C-alpha cells in the first residue's frame with residue numbers, strides 16, 4: 001500500500017508490491033481515509049453546532065469571569081455536562097438519547113466524554129473542599145450509574161416488590177450510592193414481618209436515618225460533622241459486634257457496607273460496575289471528609305483492588321486517574337490520544353484556560369495549549385462542506401496563529417456556487433483579508449467569463465477592484481454590442497455608479513450606455529455633448545471609433561445644430577482624423593443657418 005496526504009484526509013492506494021505468497025492480480029482502487037470521521041455524522045453535527053454557539057458566548061464574557069466561577073460555570077442540573085447558563089447546559093442529555101439508534105461505539109465514547117467532563121467540573125472548576133468534595137463525587141457517580149432507578153421502578157410496579165428477584169440488588173445498589181432515603185422506602189415494602197424481624201428492620205431504619213451528611217451551607221463545621229459521623233460509625237460497628245443482623249444476611253450485608261468493609265464491597269463488583277464507583281462508595285463509608293490532595297492515593301488503591309491483576313487498564317481509567325491526581329496536562333494528553341477527535345479536548349481546555357488553570361502548561365507545545373487544540377479542532381471542521389463556517393469563529397479567538405490558519409484554510413474552501421462564494425467573501429471582508437477577497441473575486445469572475453456571463457464577471461471584477469480584468473470584460477461588453485447591437489445586463493451597467501472609475505474602459509462603457517439612454521429619451525443636445533466628450537477623452541478603444549462616428553450621424557442630420565460647441569473647441573487637440581467629414585457637414589449647415597455666406 002502507498003499513501004498521500006490530501007486536504008485533511010489520507011489517500012491510500014495499492015502499489016505494484018505484492019506480499020510473499022500473494023496470488024491474483026491487484027486492483028488500482030484509491031481509498032480516502034478521513035482524518036476526522038465524526039464531523040461527517042449528521043447526528044453529531046448537532047453537537048458541534050451547539051458547542052460552537054456556547055463557545056462563542058463564553059469568549060464574550062471572558063473579561064467578566066472571576067476566578068471563583070462556581071455559580072456561572074459549574075452545572076447545577078444533574079444532567080448537564082458542559083458550561084451552565086451561558087455554556088454547555090444539559091447538552092448531552094438530549095443528544096445521547098438521539099444517539100441510541102446510532103452506533104453503540106459512538107454512544108459509549110460520548111458517555112465516557114460526559115463522565116470525564118463532569119469529573120473535571122468537580123475537581124478543577126468547582127474545586128470543592130473537604131466535605132463538599134464527597135457530595136459532588138456522589139452526584140457524579142449517581143449521574144453515571146442511573147440504571148438502578150429503572151430497575152427500582154420494575155420492582156415497585158410488580159405485585160409483590162419484596163419477592164421480586166431484583167429487590168435486594170436494588171436495595172444494595174441504593175446503599176452503595178449513599179441514597180439512604182430510597183433504601184428506607186424500599187425496606188418498608190417488606191410487608192408483614194415477625195416481631196423479631198420487624199425489630200431488626202426498625203433498627204436498620206434507625207441506623208440509616210441517623211447517618212450524617214455534610215451540609216456545606218449549614219452552621220456545622222467540618223470538625224463537628226466528623227465527630228458526629230464517627231459516633232454514628234461506632235454505633236453501626238456495635239450493631240455488627242452484637243450480631244444484631246446475624247439472622248438476616250441481607251441486612252447484615254447492608255450493615256457491613258455502612259461500615260465500609262472492603263471485602264463486602266468487592267463482593268458486589270457487579271452492582272458497583274467500576275472502580276471509581278467503588279472509590280466513591282469507600283470514601284462515603286470510610287473517609288467522608290477526604291481532602292482533594294488525598295484523592296489520588298485512594299483512587300490508585302481502589303483501582304488496584306477492583307481491577308483484576310491480569311487486566312490492562314483502559315484509556316478511560318488512565319484519564320480518570322490523572323484527574324484524581326489533579327494533573328490537568330495529563331488529562332488533556334490522555335484524552336487527545338484516546339478520543340477520536342479534537343472536539344472534547346479543545347472545549348475542555350478552553351474552559352480550563354478561562355478558569356486560569358492552565359498557566360503552568362502553556363509552554364508544552366511551544367505555544368498556548370488552548371490555542372494549539374482549538375486550531376487543530378477548527379482545521380478538522382474546515383474539511384466539512386458546511387461545518388467550515390463554525391471553524392471561522394474558533395480561528396477568530398486564537399490570537400497568535402488564528403489569522404494565519406484562517407487565511408490558509410479559507411483558500412481551500414471549494415466555491416461550488418455563487419451563494420457559497422458570497423459567504424466566504426463576506427467572512428474575508430469582515431476581517432479585512434484583502435488578498436483573499438481579490439483571489440475569490442478573480443476566481444468567480446473567471447468562471448463567469450468562461451460561461452459567458454459578462455454581467456456576473458464584471459460584478460466580481462469590480463468587487464475585486466481589479467482594473468485590468470474590469471477593462472477586459474468591458475471590452476467584451478463592447479464587442480458584444482458591436483455584434484448584436486444591444487447591451488446585455490443593462491441593470492448592472494446602468495447602476496455602476498462610482499465603480500465605473502475603476503478603469504478607463506469601464507468608464508467609457510458606463511458613459512456610452514448613458515449616451516444611449518439620453519438618445520432614447522430624445523434629449524439630443526445632452527446626448528451630443530456626452531458623445532463629443534467621449535470622442536475627445538481618448539478613452540474609447542480604437543476599434544470602437546467608427547461606432548462612435550456612426551452614432552454621431554443621426555445627430556448631425558438633425559435640423560437643429562447639436563454640435564455648435566465645436567466652434568469653440570480646439571479642433572487640433574482632438575487629433576481625430578475620422579471626424580473631418582462629419583465636421584465639414586456640420587459647418588456647412590451652420591453657415592447656411594447664420595446667413596453669413598450667400599448661396
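The values are calculated or read from the model by the stated rules, or taken from the named source; none is laboratory data. Nothing here was measured: the structure is a model prediction, and the numbers come from that model. Backbone-built Cβ (ideal geometry, glycine too); neighbour counts: all protein chains shown.
The table that follows gives values for the structure above.
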{"quantity": "Residue within the range 207-215 that is modelled with pLDDT under 90, over 27 Å from residue 159 (Cβ atoms) and in a loop (DSSP other than H, G, I, E, B) present", "calculated": "yes"}
{"quantity": "Filter result (surrounded by 17 or more Cβ atoms within 10 Å (Cβ to Cβ), outside any helix (DSSP H, G or I) and in contact (Cβ under 8 Å) with a residue 40 or more places away in the chain) within the range 393-434", "calculated": "397"}
{"quantity": "Selection within the range 217-232 - surrounded by fewer than 13 Cβ atoms within 10 Å (Cβ to Cβ) and in contact (Cβ under 8 Å) with a residue 24 or more places away in the chain", "calculated": "none"}
{"quantity": "Spans of helices (runs of 4 or more DSSP H) in the range 464-532 with at least 3 residues within 18 Å of residue 546 (Cα to Cα), assigned by TED's automatic domain parsing to the domain that holds residue 545 and modelled with pLDDT of 70 or more", "calculated": "467-484, 504-520"}
{"quantity": "So residue 127, is it closer than 30 Å to residue 202 by Cα and modelled with pLDDT under 90", "calculated": "no"}
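Condition check ((1) in a loop (DSSP other than H, G, I, E, B); (2) in contact with a strand residue (DSSP E or B) (Cβ under 8 Å, 6 or more places away or on another chain); (3) not assigned by TED's automatic domain parsing to the domain that holds residue 207) across all residues:
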{"site": "266", "(1), (2), (3)": "no, no, no"}
{"site": "278", "(1), (2), (3)": "no, no, yes"}
{"site": "283", "(1), (2), (3)": "no, no, yes"}
{"site": "288", "(1), (2), (3)": "yes, no, yes"}
{"site": "293", "(1), (2), (3)": "no, no, yes"}
{"site": "297", "(1), (2), (3)": "no, no, yes"}
{"site": "305", "(1), (2), (3)": "no, no, yes"}
